[in-house]
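Below: the structure, in structure tokens.
Laboratory data are not the source of any read-out in this text; all were calculated from the coordinates shown. Predicted model only: the values in this text are computed from it and were never measured. Neighbour counts run over all protein chains shown; Cβ positions are idealised from the backbone, glycine included.
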Amino acid sequence: MREAAPLAASQNAGASVDSSAEQPVFRITNLKRHFDVSPPLLNRLLERKGRQIVKAVDGVDFEIYRGETFSLVGESGCGKSTIAKLVVGLNGTTDGSIEFEGQDIARHSRRDMDAVRHRLQMIFQDPYASLNPRWRVGEIIAEPIQVFGLLEGKAEIKQRVKELLEGVGLNAQDSEKYPHEFSGGQRQRISIARALASNPEFIVCDEPTSALDVSVQAQILNLMKELQQQHDLTYLFISHDLSVVYHISDRVGVMYLGRLVEVGEKHELFRRPQHPYTRMLLDSIPDLEMTGRARTPVGGEVPSPLDPPSGCAFHPRCPHATARCQQEVPLPIHNVERGFVACHAVEEGRLIATD
Ligand SMILES: Nc1ncnc2c1ncn2[C@@H]1O[C@H](COP(=O)(O)OP(=O)(O)O)[C@@H](O)[C@H]1O
Ligand code: SF4
Ligand SMILES: [Mg+2]
């Protein structure tokens with residue numbers, strides 16, 4: 001018989017139970033990125049339409065601690081890749097701050113950003129699109145070493161490329177080949193070797209295994225875990241696939257329409273999901289921890305980010321929605337260590353934990 005307990009009492013609202021004094025590597029505060037997707041002015045005047053703004057990321061707060069894998073999960077279009085690009089400086093912010101070791105890199109000049117760029121790397125979903133098809137693998141991996149001026153002599157660079165290839169399970173001769181001569185999994189290994197070439201401390205991995213077969217996915221995820229240990233890496237890992245997230249993460253953030261709705265330690269979040277959306281996502285996947293949870297598909301469609309629902313954006317799909325949910329955006333309740341949930345029903349004690 002499983003015990004049922006109220007998830008959060010309202011007195012917890014706003015209070016933090018995070019007792020750790022450790023400073024995070026990244027502290028993201030009120031991060032926003034809006035895209036103006038309006039048609040040209042003349043069309044707008046003729047059609048009597050206003051500007052159209054996609055709020056891809058709309059006020060997101062989270063921290064990433066040294067050596068951990070923090071994952072973002074959520075359905076397609078919820079803003080995961082936009083956050084990935086913001087964090088490594090590939091996209092500018094609309095608002096908010098991105099503190100890397102206490103410095104707000106969102107406010108950095110180009111020159112200041114150049115000084116930290118080699119410490120932050122990114123791996124993409126499609127290695128074929130991110131590897132120059134006309135370059136040999138050796139040149140692809142050597143590029144960051146040369147761009148950041150990390151080594152100069154030809155022989156030293158060649159030796160370093162060899163070590164990097166071997167470090168990801170390939171061999172020195174592979175440096176003479178072109179990307180098309182490799183399988184999808186091997187190409188992702190090349191991307192990882194290139195990302196490691198600048199000795200980064202932090203890597204954003206945006207759906208790095210989503211294009212691979214399941215058996216190859218597991219190999220790449222295991223390789224990434226080994227490399228994390230060896231090189232003392234911190235990961236921001238992005239995936240729409242909860243099984244992959246379960247495999248690799250320490251902590252998980254669940255996104256819905258440009259906002260984080262729940263953050264928590266992986267086991268805690270998978271065993272005792274608090275937010276109705278997290279519960280819906282978990283109910284739709286095979287039972288990872290044999291908890292006996294029934295499996296049901298994710299219900300309803302994600303609304304358009306051009307015209308998101310008022311209040312809690314999840315309210316049209318939520319079985320626990322009330323009038324308050326339609327009007328008020330729920331604030332985060334910090335009722336777990338290094339995590340929170342943003343939901344009126346949790347705050348009001350209307351939801352019961354089922355672990
Ligand atoms: N450069 C862009 N211009 C306009 N809209 C964009 C741009 N990049 C992303 N978007 C929109 O922002 C939303 C979030 O996209 P994205 O971050 O790619 O989501 P995810 O990675 O979770 O699938 C989507 O509605 C997408 O269409
Ligand atoms: S705030 Fe309301 S609508 Fe949103 S998840 Fe909680 S109960 Fe559902
Ligand atoms: Mg994406």
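Karplus couplings for the range 320-330 from phi (6.51 cos²θ - 1.76 cosθ + 1.60, θ = phi - 60°), rounded to Hz, Gly and Pro as x?
After applying 6.51 cos²θ - 1.76 cosθ + 1.60, I find 10, 5, 10, 4, 4, 4, 6, 10, 10, 6, x Hz.
Extending each Cα 7 Å along its Cβ direction at Asp112 and Lys154, get the distance between those two points in nm, one decimal.
My value for the distance between the label points is 4.1 nm.
What number, in nm² with one decimal, is the all-direction average of the projected area of the convex hull of the alpha-carbon atoms of the range 123-198?
4.4 nm²
Which of Phe70, Phe237, Phe182 comes first, and how do the rest follow, when ranked by fewest Cβ neighbours within 10 Å?
The most exposed by this proxy come first: Phe182, Phe70, Phe237.
How are the C-alpha pair distances of the range 159-204 spread across 10 Å bins, as whole percents from the shortest bin up?
28, 58, 14
For the range 171-305, just the Cα set please: Rg and Dmax, both in angstrom.
According to the Cα coordinates of the range 171-305, Rg and Dmax are 17.2, 52 Å.
For a quick check: sort Val216, Val147 by the number of other beta carbons within 10 angstrom, fewest at the front.
Least to most surrounded, the residues fall as Val147, Val216.
Could you please rank Arg350, Arg271, placing first whichever residue has the fewest other Cβ atoms within 10 Å of its Cβ?
Ordered from fewest to most neighbouring Cβ atoms within 10 Å, Arg350, Arg271 come out as Arg350, Arg271.
Can you return the lysines within cross-link range of Lys55? Criterion is Cα-Cα under 23 Å, with same-chain partners fewer than 8 residues away left out.
Lys32, Lys80, Lys85
With 21 Å as the cut-off, how large is the P(r) tail for the range 161-239, expressed as percent of Cα-Cα pairs?
Cα-Cα pairs in the range 161-239 separated by more than 21 Å: 23 percent.
What is the range 175-326's relative contact order, in percent, from Cα pairs under 8 angstrom and six or more apart in sequence?
In percent, rounded to a whole number, it is 14.
Under 24 Å between alpha carbons, and skipping anything fewer than 8 positions from Lys177 in its own chain: which lysines qualify?
Answer for Lys177, where 24 Å is the Cα cut-off: Lys154, Lys158, Lys162, listed by chain and number.
Figure the gain on full extension for Asn171 and Gln229 (residue separation times 0.36 nm, minus the Cα-Cα span) and round it to one decimal in nm.
18.8 nm
Apply the a/c threshold of 1.5 to the C-alpha gyration tensor of the chain and tell me whether it is rounded, prolate or oblate.
Because a/c hits 1.5 or more and a/b exceeds b/c, the chain counts as prolate.
Given the convex hull of the Cα atoms of the range 18-92, what is a quarter of its surface area in nm²?
Convex hull of Cα atoms, orientation-averaged projection: 6.9 nm².
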